[in-house]
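The values are calculated or read from the model by the stated rules, or taken from the named source; none is laboratory data. Every value quoted in this text rests on a predicted model; they were computed, and no experiment measured them. Heads up, the Cβs are rebuilt from the backbone with ideal geometry, glycines too, and the neighbour counts pull from every protein chain shown. With ligands, DNA and RNA removed, areas are computed over all heavy atoms of the protein, side chains included. Shrake-Rupley method; radii C 1.70, N 1.55, O 1.52, S 1.80 Å.
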Amino acid sequence: MTPEALRSMTFPRAPLTRRGYNEDAVHDALRRCSQVLTELMEENDRLRGDMQRHRDWIRANNIGDGSGPTGVPTVDAVLQQARAQQSAEQTVSAARDQARNMVRAARAQAEAILQQRWEQATQANESDQEETERLITYLRQIAQSLTVTADQYDTKRPATSSPAAPATPDGT
């Protein structure tokens, strides 16, 4: 039963022989309102009792009145400390999450750099190897050419002539 339900409640008209509303419908609505009102009053009494027990416990433990020398913090101080603790835990959790994300990003970046360096080294090794092979082939060609030239020189030179006396064009 809500206040809006009470405001919008309508009753049927009484039969033609009587004036006003149908008494049974009105009595039924009044019984429902009475039942809801009784339940609300009982709940209100229960809540007042709970509140009084809490007040008594607070007084018995010398909390919140500020006059006790016991050093027990007030309710407001406890609530403020709880909010601060919760805020600190949220901040620490957020910092941990951010640190985890930063570590993940750094690892991914390190892996990318290592992969890039590996590819560059592989390309450099392939390039160096190709250059080395090209130089070896070139040097072999030069050696072959020198060997051929030396062989040709040896075949043109007479075996008995001394190096100090060059041979004449006619062979004498």
Original post:
Only one residue in Thr122, Thr91, Thr74 is hydroxyl-bearing (Ser, Thr, Tyr) and either open to solvent by 70 Å² or more (accessible area, probe 1.4 Å) or touching a Pro at 6+ places or on another chain (Cβ under 9 Å) (or both). Which one?
Top reply: Thr91
Original post:
Looking at region 18-62, which of the residues that are at pLDDT below 75 and among the polar types (S, T, N, Q) is farthest from the chain's Cα centre (by Cα)?
Top reply: Asn22
**OP:** Output the residues belonging to region 6-32 that are of a type in the set (A, V, I, L, M, F, W, C), open to solvent by less than 100 Å² (accessible area, probe 1.4 Å) and not in a loop (DSSP other than H, G, I, E, B).
**Re:** Leu6, Ala25, Val26, Ala29
Subject >> Qualifying residues in region 148-172 (those that are outside any loop (DSSP other than H, G, I, E, B) and open to solvent by 70 Å² or more (accessible area, probe 1.4 Å)) - the one modelled with the highest pLDDT >> reply: Thr149
